[in-house]
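To start, the structure itself, in structure tokens.
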Amino acid sequence: MSTWTYPDPDPLTRAVRPAEEPLPPAEFREAMSHLAGALTVVTTRDALGRRWGFTATSALSVSQSPPLVLVGVGNTSSCLEAMLGSESFTVNVLGERQREVAESFARKGVDRFAGHEFVPWSADGPPRLVDAHAAYRCRTAGSIPVGDHHLLIGEVTGFAAQPADGPLLWHRRDFVALSEKEAVHA
């Protein structure tokens, strides 16, 4: 199989595969590391009231009317069953000072909520990070199995924000704060 590159001698130019052949997993991971994403912690409660949550960069808006968001949940995630079985969830957008929260919710085998202040939206609602950059309460509208993930779709029913600082981003497998980026380019 042949590959081709743009005729630009720029060393940042990468080889491009023909459209009909998908990238192998390792190449896809590298390619996607160039796409900056807002770091979020997605939380819910299961039928027994237990809190569940995970770190994600795959959260985005999909519709304005009705107001819908989408979150990708890995098929091997410890939270998958709770997320798919829940009537609601919260997408907590992390602020640039919340790297520790992102790291906690990415770990396996620990109490991810320990040391972080979460409150329920209502008596039995999904947990919301008190000092999140932004938080979206969502009523579960459906899910779609796609590849090695499920796409969880939520109708936004609530919003809270404390944008004292910028959002925390994930880019090139590292944390990036907008204020740090601005300082570098100033």
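The values are calculated or read from the model by the stated rules, or taken from the named source; none is laboratory data. What you see is a predicted model; the values in this text were computed from it and never measured. When we count neighbours, we look across all protein chains shown, and the Cβ atoms used for this are built from the backbone with ideal geometry, even at glycine.
Residues in segment 94-110: is at least one in contact (Cβ under 8 Å) with a residue 60 or more places away in the chain, crowded, with 22+ Cβ neighbours inside 10 Å, farther than 17 Å from Ala160 by Cβ and not aliphatic (A, V, I, L, M)? So far as segment 94-110 goes, yes, one or more of its residues are in contact (Cβ under 8 Å) with a residue 60 or more places away in the chain, crowded, with 22+ Cβ neighbours inside 10 Å, farther than 17 Å from Ala160 by Cβ and not aliphatic (A, V, I, L, M). Taking segment 59-98 as the range and being closer than 20 Å to Ala132 by Cβ, of a type in the set (Gly, Ala, Ser) and out of contact with any Pro (no Cβ under 9 Å at 6 or more places or on another chain) as the test, the residues that pass are Ala59, Gly72, Ala82. Within segment 63-84, the set of residues being touching a residue at least 12 places away in the same chain (Cβ under 8 Å), closer than 18 Å to Phe159 by Cα and part of a strand (DSSP E or B) comprises Leu68, Val69, Leu70, Val71.
As a summary of the residue check, Leu60 satisfies the conditions (1) assigned to a strand (DSSP E or B); (2) within 15 Å of Thr140 (Cα to Cα); (3) modelled with pLDDT of 95 or more except for the one numbered (3).
Flag: Leu169 does not match the condition of being touching a Phe, Trp or Tyr at 6+ places or on another chain (Cβ under 8 Å), at pLDDT 95 or above, within 17 Å of Leu39 (Cβ to Cβ) and of a type outside the set (Lys, Arg). Every residue in segment 131-163 that is part of a loop (DSSP other than H, G, I, E, B), under 19 Å from Cys79 (Cα atoms) and of a type in the set (Gly, Ala, Ser), please. Hit for segment 131-163 is Gly147, nothing else. Remark: pairs (first residue in segment 120-134, under 22 Å from Ala47 (Cβ atoms); second residue among the aliphatic types (A, V, I, L, M) and surrounded by 23 or more Cβ atoms within 10 Å (Cβ to Cβ); Cβ separation under 6 Å; 6+ apart in sequence or on different chains) = Arg128/Ala135.
Let's see how each residue does on (1) among the acidic types (Asp, Glu); (2) surrounded by 18 or more Cβ atoms within 10 Å (Cβ to Cβ); (3) over 16 Å from Phe175 (Cα atoms):
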position: Val41; (1), (2), (3): no, yes, no
position: Ala47; (1), (2), (3): no, no, yes
position: Trp52; (1), (2), (3): no, yes, yes
position: Ser58; (1), (2), (3): no, no, no
position: Glu81; (1), (2), (3): yes, no, yes
